[in-house]
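Written out below as structure tokens is the structure these notes cover.
Any read-out appearing in this document is the output of simple, stated calculations on the displayed coordinates, not a laboratory observation. This one's a predicted model, so the numbers in the text were calculated from it and none came from an experiment. Here the Cβ is made from the backbone with ideal geometry for all residues, glycine too, and neighbour counts use every protein chain on show.
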Amino acid sequence: MTAAPYIEHGQRILEIEPEDLVVRPYGLDSTVQVWQTDREDTFHHGGAPPRRTNMRIKEVQTKPDGPVFIHRLQCEGLARGADKMEANRIRLPEEGWDEGPIDLLTVKPDQFSQGDLAPGFSAMWIVGIEKEDLNGHVWRLSLDCKGILAPKARKRRITVNNQPVNSSTTLSITGTTFTNEQGTFTGWADQRYTNLDSSRVVVVDTFLSTDPPPTDKLPGHLTPQNAPLVKDIFAQPWYSSAGFTFNWPWGWSLKGIQSEQLLDKPLWLTSITTEYVPRAVVR
């Protein structure tokens, strides 16, 4: 009678080497496990390794050893199961929204929706979501976020437009002094046809605000903060035999509003255009 070449004792599934677990601050965690079993197909790519329910087998190396098999498992995932920040690329431009993507590793891909507060922020909201399945269990979420990460000053643009005004009749300037780099002039007392250079100062302020845009102010007067200096030539003591055309509103006037609300949140990116309008213009 021939004796069996091997005599088996103990468990049929046995971990034969200490686990080599690497937990990373960013990116997927990894582990290597080595097991002995009595079946060649005990482990499969994409399955969960023993004890690590939030990791998945990336590669299986199997070799026979007598009547048993030795399996070397290379696995990736989230060892603790908790969400992990992978990247934060929020941009803080000089003007406009602070915005950018946040990449997050998670086993709960449906936990966020558009309009949710971005994780780790008090005034940034999710405006878009991209999902990537990494291994059938762990997902990478790219959360497109927008809001205010840090306070910022108003962005101001000033334009001075020259608008020639041609008088339809003769004009006289009395008791008025003009000074420029060529000297001082006292105007003229006789009647003359005149071509006048009239400047229009336009200010565009762009800012973030928790107040809605002042749409009820248009049309009307609105003086910008720290208004620039203006030279209003029609404030001079002109005389026109044809009279004047009066403007309303005059002085600093609201001319345009552009505003973008962030989702349904009480936060607006607003641009306000104001213009200095002379009170009257000669005919």
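Descriptive notes on the structure:
- A cut-off under 12 angstrom between Cβ atoms defines the neighbours of Y276, and their net charge, with Lys, Arg +1 and Asp, Glu -1, is +2.
- Here r is the Cβ-Cβ distance between L117 and I257 and R0 is 35 Å; the resulting FRET efficiency, rounded to 0.05, is 0.80.
- Projected label distance in nm at D216 and N247, using a 7 Å step from Cα toward the beta-carbon: 2.6 nm
- Full extension of the chain between V22 and R200 yields a length gain of 57.4 nm, computed as 0.36 nm times the residue separation minus the alpha carbon distance.
- Proximal charge balance of T159 [Cβ under 13 Å; K/R count +1, D/E count -1]: +2
- Cα gyration tensor shape of the range 84-147, rounded if a/c is under 1.5, else prolate or oblate by comparing a/b with b/c: prolate
- Residues in the range 247-261 carry Karplus couplings, in order, of 9, 9, x, 10, x, 6, 10, 6, 10, x, 9, 10, 8, 10, 8 Hz; the curve used is 6.51 cos²θ - 1.76 cosθ + 1.60 with θ = phi - 60°, and Gly or Pro positions show x.
- Overall, the range 14-77 carries a charge dipole of about 220 debye about its Cα centre when +1 sits on the Cβ of Lys and Arg and -1 on the Cβ of Asp and Glu, all other atoms neutral.
- Sequence of L263, L141, L218 once ranked by neighbouring C-beta atoms within 10 Å, starting from the fewest: L263, L218, L141
- The residues neighbouring Q111, those whose beta-carbon lies less than 13 Å from its own, together hold a net charge of -1 under the Lys/Arg +1, Asp/Glu -1 convention.
- For the range 14-77, the gyration tensor built on C-alpha atoms gives a prolate shape. Its axis ratio a/c (a ≥ b ≥ c) is at least 1.5, and a/b is the larger of a/b and b/c.
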